[in-house]
Amino acid sequence: MATPASQMDSLADKDKRYSLHPYTNLNAHQNNGPIIIEEGDGVYVRDEAGNRMIEGMSGLWCAGLGFSQQRLVDAACRQMQKMPYTHLFTHRANVPSIELAERLINIAPESISRAYFVNSGSEAVDSAIKMVWYYNNAIGKPEKKKFIARKRAYHGITVASGSLTGLPYVQDGFDLPRIDVIHTETPHYYRGANPGESEEDFATRLADTLEQDIIAAGPETVAAYIAEPVMGAGGVLVPPATYFEKVQAVLKKYDILFIADEVICGFGRTGNMWGSETYNIKPDMMTIAKQLSAAYLPIGAVLLSEEIYQGLAKLSDELGMFGTGNTYGGHPVAAAVAVETLKIYEEMDLVKVVRERSTRFAERIEALQNHALVGECRQVGLIGAIELVRDKASKEQFPVGDKVAFQVANAARQHGVILRATPGDGVAFCPPMIITDDQIDEMFDGVQAALDDIRNHVS
Ligand SMILES: Cc1ncc(COP(=O)(O)O)c(C=O)c1O
């Protein structure tokens, strides 16, 4: 039942009076107010006015099991009753974080042997950056400290992780970047390829550019390369064929570590347990969060290779300790929920489910290619995007000020589907992985209707 309008008005007023919203035009919020989401049910959420919508973005690419997993609620309650808080500093441990670390290492790529817990994706990336510096100090390469990320990458918002992010709206006004980072080219074939260039040739050219960037920076100073297997917030950019193979060859040549940022791609999203598996990446480190707990509680982690771990152990011994940590890193309640999440993934055979569902998902997203407003459709597993254009033949874009992708996302909401506008007039899809074929149809019917609304409006 919807909350009475008078009460919601006062809630909205209080929100405008007391809250400061991330990724929001703060002044516009004072006029438009909040969209208050009150309830969740499977893949659906309900807003304050009682409108039921498919959460086509799993919140922020994270609520992969939807909103009704009683087992996760029970796991949290059990752990809260037993031991609501312990930390992992100074040799302490707790039962769920030990079990979680073991489970993660068992499902992680072969190169990975240790898990370090934090509370979010940004903290995972931040911690990975610090570990890379510490490791290179440990192995006697103190000059090797620079990072390579990619334009349009999203790696978080802290001072260091926000520096690796390659989106202007994350850095503008905040004096970022603040660490040594080179942003190399975006692997977006549709926009970046030269006329007649194959995906493979485009990938070769990007790998050459990467090598030039490394040489210009001084290879002996470049420590690590970080990449999302599929770029999420930058627009769901699926890499061109052979891209990561060629990138890894360049990194190997210059002794540069590969950090796979699996914060979105991890846990089945691309049709394998890891995006790294989908694209044959052999990471030295991985950053994970979001679907690690299906978003029921905040938790993230850095996963690292034994070689890096041994470097950290050596320097910690020399210095007396590994002098970093978070009060809530490995929080027992969050860890217990993550353990239960991994059990559910195992029992439901997550990878198989995503592969089965991705057939219908792919059919429906590809069908949008026929729409007058859609220039490109991108998809892998259960993540995808469409890119809107004014003219399909020339790929001409709408003026940025028209915010056409926002218009489509807003119209989709009117048709019962929550989606997200991304840079480059993309509209992203990342539904809960429990979505059924019928719900996939319902989602795309809503999108189709939204596109029709906006086509009538813009033409
Ligand atoms: C790939 C990637 N890395 C890092 C982050 C940052 O995660 P958080 O918002 O939990 O700090 C995100 C968030 O969307 C992400 O998509």
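The values are calculated or read from the model by the stated rules, or taken from the named source; none is laboratory data. Small disclaimer: the values here were computed from a predicted structure and weren't measured. All Cβ positions, even for glycine, are placed from backbone atoms using ideal geometry, and neighbour counts span all protein chains on display. Surface areas here come from the heavy atoms of the whole protein model, side chains and all, with no ligands, DNA or RNA. Shrake-Rupley method; radii C 1.70, N 1.55, O 1.52, S 1.80 Å.
Mind ranking 327, 86 by accessible surface for me, highest first, 1.4 Å probe?
Sorted by accessible area, descending: 327, 86.
In nm, what is the difference between 0.36 nm times the number of residues separating residue 356 and residue 80 and their Cα-Cα distance?
95.7 nm
When each pair of different Cα atoms in the chain is counted once in the 1/r mean, what is the Kirkwood radius in angstroms, to one decimal?
23.1
Mind checking the dipole of the chain: about its Cα centre, +1 per Lys or Arg Cβ, -1 per Asp or Glu Cβ, Debye to the nearest 20?
Magnitude of the dipole: close to 740 debye.
Taking only the Cα atoms of segment 87-167, how large is their convex hull per residue, in Å³?
Spelled out: Cα convex hull of segment 87-167, divided by residues, is 134 Å³.
Choose one of 223, 148, 320: the residue whose Cα lies farthest towards the positive end of the charge dipole of segment 71-348 (beta-carbon charges +1 Lys, Arg; -1 Asp, Glu; about the Cα centre).
The residue sitting most towards the positive pole is 320.
Once you have the Kirkwood Rh of segment 395-459 from its Cα pairs, apply Stokes-Einstein at 10 °C and 1.306 mPa s and quote D in µm²/s.
129
For residue 221 and residue 106 in the same chain, what is the full-extension length gain: residue separation times 0.36 nm, less their Cα-Cα distance, in nm?
38.1 nm
Report the label-to-label distance for residue 249 and residue 307 in nanometres (one decimal), using points 7 Å from each Cα along the Cα→Cβ vector.
1.9
Put +1 on the Cβ of every Lys and Arg and -1 on every Asp and Glu Cβ in segment 1-152; which of 43, 87, 62 then has its Cα farthest towards the positive end of the dipole?
Sorting the options by dipole projection puts first 87.
Percent relative contact order of segment 71-348, based on C-alpha pairs within less than 8 angstrom and at least six residues apart?
Reported relative contact order: 29 percent.
Among the DSSP beta bridges whose two residues both lie in the chain, what percent are antiparallel, rounded to the nearest 5?
Counting only bridges with both partners in the chain, antiparallel ones make up about 65 percent.
Calculate, for the chain, the solvent-accessible area per residue in square angstrom, rolling a 1.4 angstrom probe over the heavy atoms of the protein chains.
Result: 44 Å² per residue.
What spacing in nm lies between the two simple spin-label points modelled at residue 172 and residue 402, each 7 Å away from Cα in the Cβ direction?
It is 2.0 nm.
Dimensions of segment 63-213 along principal axes (Cα, Å, largest first)?
Taking max minus min along each principal axis of the Cα atoms, segment 63-213 gives 61, 44, 39 Å.
Treat every Asp and Glu Cβ in segment 87-182 as -1 and every Lys and Arg Cβ as +1, leave all other atoms uncharged, and give the resulting dipole magnitude about the Cα centre to the nearest 20 debye.
With only Lys, Arg, Asp and Glu charged at Cβ, the dipole is about 260 debye.
Relative to the present Cα-Cα distance, how much length would full extension add between residue 201 and residue 31 at 0.36 nm per residue of separation?
56.3 nm
If I compute solvent accessible area with a 1.4 Å probe over the protein chains, what percent of it on the chain is carbon and sulfur?
Its accessible area is 52 percent carbon and sulfur atoms.
With the crude spin-label approximation of a point 7 Å out along Cα→Cβ, what separation in nm comes out for residue 449 versus residue 179?
Between residue 449 and residue 179, the simple spin-label model gives 4.6 nm.
Skipping prolines and chain starts, which residues have an amide H placed within reach, meaning under 5 Å, of the one on residue 150, given they are 5 or more residues away or on another chain?
184
As a test of reading the structure, rank 151, 16 by solvent-accessible area (1.4 Å probe, protein chains only), most first.
My answer, sorted largest first, is 151, 16.
How large is the helix-only mean residue ellipticity at 222 nm for the chain, computed as the sum of -39500 (n - 2.57) over DSSP H runs with n ≥ 4, divided by its residue count, in deg cm²/dmol to the nearest 500?
One gets -13000 deg cm²/dmol as the mean residue ellipticity at 222 nm.
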